[in-house]
C-alpha cells in the first residue's frame with residue numbers, strides 16, 4: 001500500500017470504533033506504518049442514525065481525496081454505496097457487507113413490527129458498542145429505502161463472507177461477485193461476526209492492499 005492514501009474503516013450497525021474488527025485492522029495496519037481512520041458513524045447519536053448521514057459524513061472526511069475503504073456489515077454496504085458515487089475511492093475490503101439492506105430489515109421485522117415502529121416513531125435496538133438497548137427512529141428505515149440494494153461500483157474489491165451468516169445471507173455476496181468482475185469473494189467457514197477468521201482475513205487483505213498500484 002502506498003501512503004499517503006487514506007484508509008477508513010466503516011463499522012457496522014449498532015457498533016462503534018471500538019469494535020474488535022476495527023481495532024484488529026488498526027493494529028495490523030499500524031504495524032505496516034499505516035494509520036487507520038475509524039469514524040463514529042453515529043455522529044448525531046444512534047437514535048438519529050441514517051445511511052444518508054453516514055454517506056455525508058464520509059464525504060466531509062474525505063472530500064475529493066483518494067481512499068481505501070474497509071467496511072463491516074452495514075459499514076460494508078455504506079462503503080459500496082459511497083464507492084459507487086465517488087470514483088476517488090481506490091479499493092474496498094468488505095466484511096459480510098449488508099447488501100439488499102432494506103429488504104433484510106423488511107424480512108427480519110415483518111409487517112406488524114414495522115407498523116408498530118412507524119406508529120410509535122422509535123423501536124429499541126440492542127447496541128453492541130454500548131452493550132444496552134437504545135432507541136432508533138423510524139426515519140432510519142425510511143431513509144434506507146432510498147438506496148439501491150446492490151451498489152454498482154467498479155473499483156477492485158475483496159469481499160469476505162461467512163457461509164453460516166444468519167444475519168446477511170452469503171448468497172447476497174455470491175450474487176454480487178457473479179455480477180462484478182472487479183470483486184473477489186472469499187467465503188469463510190464462519191458466521192456474521194467473522195471474528196474467528198481475522199488472521200485469514202488479514203493475510204488476504206494485506207496481499208490485496210500491498211499489490212495496489214500507486215495512486
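Data table
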quantity	calculated
Ranked by how many other beta carbons lie within 10 Å on average, peptides 79-88, 23-32 from highest	79-88, 23-32
Extension gain from residue 31 to residue 152, taking 0.36 nm per residue of separation minus the Cα-Cα distance	40.3 nm
Residue 65/residue 103 FRET efficiency (R0 25 Å; Cβ-Cβ; nearest 0.05)	0.15
All Cα pairs of the chain, percent lying beyond 21 Å	52
Cα long-axis angle, helix 74-85 against the chain (0 to 90 degrees, to the nearest 10)	70
Two-site FRET efficiency, residue 87 against residue 125, from Cβ-Cβ distance with R₀ of 41 Å, rounded to 0.05	0.75
Virtual spin-label span in nm between residue 40 and residue 191, 7 Å along Cα→Cβ	2.8
Cβ-based exposure ranking for 210, 188, 134, in which fewest neighbours within 10 Å come first	210, 134, 188
Spherically averaged projected area of the range 6-97 from its Cα convex hull (nm²)	5.3
The range 57-144: radius of gyration and largest Cα-Cα distance (Dmax), Å	15.4, 44
Nitroxide proxy distance, nm - points 7 Å out along Cα→Cβ at residue 18 and residue 133	2.2
Between 0 and 90°, nearest 10: helix 170-179 axis offset from the chain longest Cα axis	50
Proxy reagent accessibility, fewest Cβ within 10 Å first, across 139, 91	139, 91
For peptides 97-110, 191-204, sequence by mean Cβ density within 10 Å, most packed first	97-110, 191-204
Length released on extending from residue 210 to residue 163, taking residue separation times 0.36 nm less the Cα-Cα span	14.3 nm
With Cα atoms, 0 to 90° folded angle of helix 198-210 axis to the chain main axis	50
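Read the figures in this text as sums done on the coordinates, not as results from a lab. Note that this is a predicted model, so its numbers are computed, not measured. Cβ atoms come from the backbone with ideal geometry, glycine included; neighbour counts cover every protein chain shown.
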